[in-house]
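Scroll down for the structure; my scribbles are underneath it.
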Amino acid sequence: MRALKAAFFVLALLPGLLLLLRGSGLVSPGLGANPVELIQDTLGLWGLRLLLLTLCLSPLAWLLRRPWPVALRRMAGLFAFAYILLHFLVWALLDQALDWPAITEDIVERPFITIGVAAMLMLVPLAVTSTRGWQRRLGARRWLQLHRLVYPAAILGVWHYFWQVKADIREPLFYAVLLAALLLARLYHRRQARL
């Protein structure tokens, strides 16, 4: 299990590491004509992919009848949150230059930013309470209820991406279909458990 977790850790770091290498000029292509946008979009996309991967792990464990995918769930979720937080910080720091009136105006007046920020804020308590210590403090039932915020966060994340894409909607549409399938699989599994 340690080897699997170590391999997953390295794989989850690769998109961020590749951005750093492209920015330093050690790897081609570079960051292009609009590096801030490329960095921001790449971080957001990988955050969303990892968030959806987090939701894939339980159904994968059910299909395989093996517990190892669930053991990767916390790490996948924390990496998803890290990339999403970096996505937001790049936007706030580099794109908006920490101009708080402009940031607030964008959040209020641009719906795709509103739902993106809402999704990120839903993930904050999940990241904070991801440890076993918090699970004990909150109790299993309250902890599970809190961590169900991952579902609306994922829905808003896909929606944010869908609205952000201007032309080719195939990728966000694929993520929307995948998320719908994952949510239906959870409903089915819950219903089967009650029978």
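Quick look at the numbers
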item: Residue match in the stretch 107-120 (condition: at pLDDT 95 or above and closer than 17 Å to Gly77 by Cβ); result: yes
item: Residues satisfying the stated conditions in the stretch 132-150, i.e. closer than 20 Å to Gly47 by Cα and either in contact (Cβ under 8 Å) with a residue 40 or more places away in the chain or in a loop (DSSP other than H, G, I, E, B) (or both); result: Arg148, Leu149, Val150
item: Tally of residues being within 21 Å of Arg170 (Cβ to Cβ) and either among the polar types (S, T, N, Q) or touching a strand residue (DSSP E or B) at 6+ places or on another chain (Cβ under 8 Å) (or both) across the stretch 30-45; result: 2
item: Per-region count, the stretch 16-75, residues touching a Leu at 6+ places or on another chain (Cβ under 8 Å) and acidic (Asp, Glu); result: 0
item: Tabulated pairs, the stretch 27-38, first closer than 16 Å to Trp91 by Cβ and modelled with pLDDT of 85 or more, second surrounded by 11 or more Cβ atoms within 10 Å (Cβ to Cβ) and of a type in the set (Gly, Ala, Ser), C-beta under 9 angstrom, 6+ apart or interchain; result: Leu31/Gly23; Pro35/Gly23
item: 3 or more residues of a type in the set (D, E, K, R): qualifying helices (runs of 4 or more DSSP H) within the stretch 1-118; result: 2-24, 35-64, 100-109
item: Number of the condition not met by Ala118 [criteria: (1) aliphatic (A, V, I, L, M); (2) more than 28 Å from Gln135 (Cβ to Cβ); (3) in contact with a Leu (Cβ under 7 Å, 6 or more places away or on another chain)]; result: (2)
item: Qualifying residue in the stretch 67-77 (condition: closer than 17 Å to His160 by Cβ, surrounded by 22 or more Cβ atoms within 10 Å (Cβ to Cβ) and out of contact with any Asp or Glu (no Cβ under 8 Å at 6 or more places or on another chain)); result: no
item: Residues satisfying the stated conditions in the stretch 1-29, i.e. under 22 Å from the mean Cα position of the chain (by Cα) and of a type outside the set (A, V, I, L, M, F, W, C); result: Lys5, Pro15, Gly16
item: Matching option when the condition is of a type in the set (A, V, I, L, M, F, W, C), over 27 Å from Leu11 (Cα atoms) and out of contact with any Cys (no Cβ under 8 Å at 6 or more places or on another chain), among Leu78, Leu43, Leu146; result: Leu146
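The values are calculated or read from the model by the stated rules, or taken from the named source; none is laboratory data. Predicted, not measured: the structure shown is a model, and the values here were computed from it. Neighbour counts run over all protein chains shown; Cβ positions are idealised from the backbone, glycine included.
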